[in-house]
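**Q** Here it is, the structure, as structure tokens.
The numbers here are math on the coordinates, done by the rules we state, and not lab data. The model shown is predicted, which means the values in this text are computed figures rather than measured ones. Because the Cβ atoms are built from the backbone with ideal geometry, glycine has one as well, and the counts that use them run over all protein chains shown.
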Amino acid sequence: MADALGISVTEFLDTMVVRVNGWEMISTPNHRPLCFLDEANRCTVYNERPLACRTYPNWPEIWESDEALKNEVTRCPGLAAAVRQVEALK
Ligand code: SF4
């Protein structure tokens, strides 16, 4: 991601990453609330996005229960639209 942004790894870690509860995060509500989204809601580092972004929403904790999925749907409009499409097929 540092390459995609044209900065060094050290600068990336110093300016783009925070440590929260032992996790290194590039996006938190207080740090980078829009992460790397541009004005059109496109990821500006899409080709270099982290593994968590590449695998979303195929995270076990999202699919472990109906309640977990309902909670996640409240946070992600894209996932909400996909769930509505699946529900419409039933
Ligand atoms: S895809 Fe990942 S890196 Fe890109 S804006 Fe979304 S959360 Fe950030």
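**Q** Just to confirm a number: summing +1 for Lys and Arg and -1 for Asp and Glu over residues other than Glu64 whose beta-carbon lies under 13 angstrom from that of Glu64, what do you get?
**A** Neighbourhood net charge equals -3.
**Q** Here is a further query. Can you classify region 1-54 as rounded, prolate or oblate using the Cα gyration tensor, where a ≥ b ≥ c are the square roots of its eigenvalues, rounded means a/c under 1.5, and otherwise it's prolate if a/b beats b/c and oblate if not?
**A** Oblate shape, in that a/c is at least 1.5 and b/c is the bigger or equal ratio.
**Q** Can I ask one more? Quick check: pseudo-label points 7 Å beyond the Cα along Cα→Cβ at Ala80 and Ala68, how many nm apart are they?
**A** 2.1 nm
**Q** Could you compute the net charge surrounding Pro77? Neighbours are other residues with a C-beta less than 15 Å from the C-beta of Pro77; K and R count +1, D and E count -1.
**A** +3
**Q** Another one. Can you sort Trp63, Trp23 by how many other beta carbons sit within 10 Å, fewest first?
**A** Taking fewest neighbouring Cβ atoms as first place, the list is Trp23, Trp63.
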